[in-house]
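The values are calculated or read from the model by the stated rules, or taken from the named source; none is laboratory data. From a predicted model like this one, the values you see are computed outputs, not experimental measurements. We place every Cβ from the backbone using ideal geometry, glycine too, and count neighbours over all the protein chains shown. We work out accessible area using only protein heavy atoms, side chains counted, and drop any ligands, DNA or RNA first. Shrake-Rupley method; radii C 1.70, N 1.55, O 1.52, S 1.80 Å.
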Amino acid sequence: MKITAIKIIVASPGRNFVTVKVMTDQGLYGIGDATVNGREKAVVAYLEDHLVPCLIGRDPMRSEDIWQYLYKGAYWRRGPITMAAIAGIDMALWDIKAKAANMPLYQLLGGRSRDKVMVYKHVGGLDIGQVVEGVAALRDQGLDAIRAQVSIPGLPPIYGTGPSTDQSAGGMIQALPNEEVWATHKYLPLVPKLFEKIRDVVGWDVHLLHDVHHRLTPIEAARLGKDLEPFRLFWLEDAIPAELQEGFRIIRQHTTQPLAVGEVFNTVWDCQQLISEQLIDYIRVTSVHAGGVTGLKKIFDFAAIYHVRSACHGPMDVSPVAMGCNIHVDVAIPNFGIQEFSGYTEATHEMFPAAWSYDRGYLQPGEQPGHGVDIDEAVAARYPYEPAYLPVARLEDGTLTSW
Ligand code: EZ4
Ligand code: CO
């Protein structure tokens, strides 16, 4: 089999998605996700100008060799743009391989290790009352795991805390990023009050999660971890900026609160110290930002040695294609933890017909050969790219801070 052509499709059915379609001389084709939100066009140029020309004529079955060729061959290794471009190609190659084998992708990854994939969804609110109502509503919809975020009273609502449970595109589709206001001293005492109230109302038979979005220093995160211990959270996510990994040692010294990090990591080397020193409990890499199925498997297999469990990032900007790949990996690996799932717009589902399915808090990969997600190019053509950015955050005096 030979690769004959590769198409890069950019479309915005709610969020911008960069989708890779790899065609072969035998009529089989594969689909991959290469989206890096807010930097979509950089990945398109990387793919079209630098990767596609080296792949025409190659054997698509050699997914490991092609991954190594693109990774080592660049000389400039790692980083989100490079690894998303490699991911787009890699997912498409696994799709082709599994279609050729006439099997769902998870069978090629070792087969099922579990019956279903537990997800968590998000609840936000402008005050504690709104969040508690939202958590109770998701509980009624069957969710066994729920992430809760609350706005800081007196400050404008921040990302992830709006009343909507799907963080819909509102506020992101614009030419420049939103600028939000952050105040740690107001946030730190508020969050334990939120979780105390949630436990009062929904009880203890549900997993509760919280995302700090990299906004604290290590000692502040240690304080928050200690204060949250009575409420037994499933995890505290992105407690500190992810670059200075030694910072996690300080948090670990002070609290038994389980920790999760890694949605911005791109390779096993980015997570190596955190995993091998057992400074975290969940590693949040996702197929599209960590080098596809091949990259994700390398990371999760390494994590399994240290009892660190998987927790693929799954916001709306991780396309249904990458979500499909995540679900196949989730169902196959021994050290699955949880899968983030935000849901998608109707237009996104129309553009990406998918074999995977969601029902009352759990996902299934589907039994279709390949990863089971396709792209309808006619639908994609109706939703051209629009500039869209995540927000930035400033302290009340204007200082730029972590988001
Ligand atoms: O920061 O969607 O855990 N999920 C998240 C998301 C992401 C953004 C960027 O991909 O933190 O809100
Ligand atoms: Co997060």
Review point. In terms of modelled amide H atoms, which long-range or inter-chain residues lie less than 5 Å from the amide H of L259?
Key: L236, D281, Y282
Revision key, fill the gap. Which of K72/K297; K186/K226; K116/K298; K7/K72 exceed 20 Å between C-alpha atoms? The answer is K116/K298; K7/K72
Review point. How do H328, H185, H207 rank by accessible surface area computed with a 1.4 Å probe, from largest to smallest?
Key: H185, H207, H328
Check your understanding: Using the alpha-carbon centroid of each, what span in Å lies between region 236-271 and region 1-78?
Key -> 30
Check your understanding: Once the Cα gyration tensor of region 54-146 is diagonalised, what are the square roots of 5 times its eigenvalues, in whole Å and ordered largest first, as equivalent ellipsoid semi-axes?
Key -> 40, 21, 9
**Study point:** Kirkwood estimate for region 252-353, i.e. one over the average of 1/r between Cα atoms, Å
**Key:** 13.8
Point to revise | Efficiency of FRET between R232 and A5 - r from beta-carbon atoms, R0 30 angstrom, step 0.05 | key: 0.05
Review point. Principal axis lengths of region 232-309 from Cα atoms, whole Å, largest first?
Key: 35, 22, 20
Revision key, fill the gap. Scalar couplings 3J(HN,Hα) for region 25-31 by Karplus 6.51 cos²θ - 1.76 cosθ + 1.60 (θ = phi - 60°), nearest whole Hz, x for Gly and Pro, are 6, 10, x, 6, 9, x, 10
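Between A304 and A42, what is the FRET efficiency for a Förster distance of 35 Å, r being their Cβ-Cβ separation, to the nearest 0.05? Don't jump to the answer; show the numbers that get you there.
Working: r = 33 Å, r/R0 = 0.93.
Efficiency, rounded to the nearest 0.05: 0.60.
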Point to revise | Residue-span extension gain [E277 to H254] - 0.36 nm each, minus C-alpha spacing | key: 6.7 nm
**Study point:** Candidate lysines - alpha carbon under 17 Å from K2, same-chain residues fewer than 8 apart omitted
**Key:** K21, K97, K99
Check your understanding: For region 48-96, taking Cα atoms only, what is the radius of gyration to one decimal and the Dmax to the nearest whole Å?
Key -> 10.1, 28
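Using the beta-carbon distance between L155 and Y385 and R0 = 35 Å, what value does 1/(1 + (r/R0)^6) give for FRET efficiency, to the nearest 0.05? Don't skip to the end; give the middle numbers.
Values: r = 32 Å, r/R0 = 0.92.
Computed FRET efficiency for L155 and Y385: 0.65.
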Check your understanding: Could you give the nm distance between label points at Y75 and D359, where each point is 7 Å from its Cα heading toward the beta carbon?
Key -> 5.4
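Among bridges DSSP assigns within region 1-155, what percent are antiparallel (round to 5)? Don't skip to the end; give the middle numbers.
Working: 13 of 18 bridges.
In region 1-155, DSSP labels about 70 percent of beta bridges as antiparallel.
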Review point. Pulled fully out, how much extra length does the chain show between I219 and E64, if you take 0.36 nm times their separation in residues and subtract their Cα-Cα distance?
Key: 51.7 nm
Point to revise | Quotient of C-alpha Rg and 2.2 N^0.38 Å, computed over the chain | key: 0.95
Check your understanding: Which loop-located GluC sites (Glu not before Pro) does region 223-297 contain, where loop means any DSSP state but H, G, I, E or B and the Cβ has at most 10 other Cβ atoms within 10 Å?
Key -> E243
Practice item. Could you give the spread of the C-alpha atoms of region 1-70 along their three principal axes, from largest to smallest, in whole angstroms? Key: 35, 24, 19
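Using DSSP to call loops (not H, G, I, E or B), can you name the chymotrypsin sites (Phe, Trp or Tyr not before Pro) in region 9-112 whose Cβ has at most 12 other Cβ atoms within 10 angstrom? Don't skip to the end; give the middle numbers.
On the way: sites: F17, Y29, Y46, W67, Y69, Y71, Y75, W76, W94, Y106; in loops: Y75, W76.
Filter output for region 9-112: Y75, W76.
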